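Just below is one structure, and these are the notes that go with it.
The values are calculated or read from the model by the stated rules, or taken from the named source; none is laboratory data. Being a predicted model, the structure only gives us computed values, none of them experimental. Methodologically, a virtual Cβ is constructed for each residue, glycine included, from the backbone with ideal geometry; neighbour enumeration extends over all protein chains shown. Calculation scope for accessible area: heavy atoms of the full protein, side chains included, ligands and nucleic acids excluded. Shrake-Rupley method; radii C 1.70, N 1.55, O 1.52, S 1.80 Å.
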Amino acid sequence: MQTSVRREKIRFDSGGARCAAWHYPSANGSCVVMAGGFGVTKEPGTDRFAERFARAGFGVLAFDYRHLGESGGQPRQVARVGEQLADWRAAIARARSLPGVDPRAVAAWGFSLSGGHLLRVAAREPGLAAVVAQTPAVGGW
């Protein structure tokens, strides 16, 4: 039986809204920033992945975009690409400021729409240590 990993709820500001996140402390100075796919909150979208990273010693900041989940913002249940890109930048900045995190050891992980966002985020955040864009949504709109 696996033991649960320790996490705490934290918040950070993005575009006038308070974004909700889970922070799993780092044991090795790193932090993986994570978000779910289109309209998916952190609970079903990142929980199992975040726990595995945390068990391996990585810190994790798993967040909900504004307008979704535990984050603030009106209206509710909408996905605005420009705002979500700003939320990524704010989440990465918050991860770099977390205790025990080396700002040069911050990575980003996302799937579906979040994975597609990461292609743009990575181009504008050259200091990211790594980016994992799992089945990224990159076409369509």
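Data table
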{"quantity": "Kirkwood Rh and Cα Rg combined as Rg/Rh, region 74-115", "calculated": "1.06"}
{"quantity": "Antiparallel content of DSSP bridges confined to the chain, in %, to 5", "calculated": "40 percent"}
{"quantity": "In nm, spacing of pseudo-spin labels at Val81 and Val132 (7 Å Cα→C-beta vector)", "calculated": "2.5 nm"}
{"quantity": "Placed amide H near Ser14: partners under 5 Å, 5+ positions off or other chain", "calculated": "Cys19"}
{"quantity": "Arg120 versus Asn28: modelled label distance in nm, points set 7 Å from Cα along the beta carbon direction", "calculated": "3.1 nm"}
{"quantity": "Environment charge at Phe53 (Cβ cut-off 12 Å; Lys +1, Arg +1, Asp -1, Glu -1)", "calculated": "+2"}
{"quantity": "Backbone HN-Hα couplings from phi across region 101-106 [Karplus 6.51/-1.76/1.60, Hz, Gly and Pro as x]", "calculated": "9, 7, x, 8, 10, 9"}
{"quantity": "Convex hull volume per residue in cubic angstrom - Cα atoms of region 19-105", "calculated": "76 Å³"}
{"quantity": "Residues with amide H under 5 Å from that of Ser71, placed H, sequence gap 5 or more", "calculated": "Ala20"}
{"quantity": "Under Karplus coefficients 6.51, -1.76 and 1.60, residue-wise ³J(HN,Hα) of region 120-130 in Hz, glycine/proline x", "calculated": "6, 4, 4, 5, 9, 10, x, x, 5, 6, 6"}
{"quantity": "Accessible surface of region 1-77 [probe 1.4 Å, protein heavy atoms]: carbon and sulfur percent", "calculated": "50 percent"}
{"quantity": "Point-to-point label distance, Arg89-Arg18, nm (Cα→Cβ direction, 7 Å offset)", "calculated": "2.3 nm"}
{"quantity": "Whole-Hz ³J(HN,Hα) from phi, Karplus 6.51 cos²θ - 1.76 cosθ + 1.60, for region 4-19, glycine and proline x", "calculated": "6, 9, 7, 8, 10, 7, 9, 9, 8, 8, 8, x, x, 10, 9, 8"}
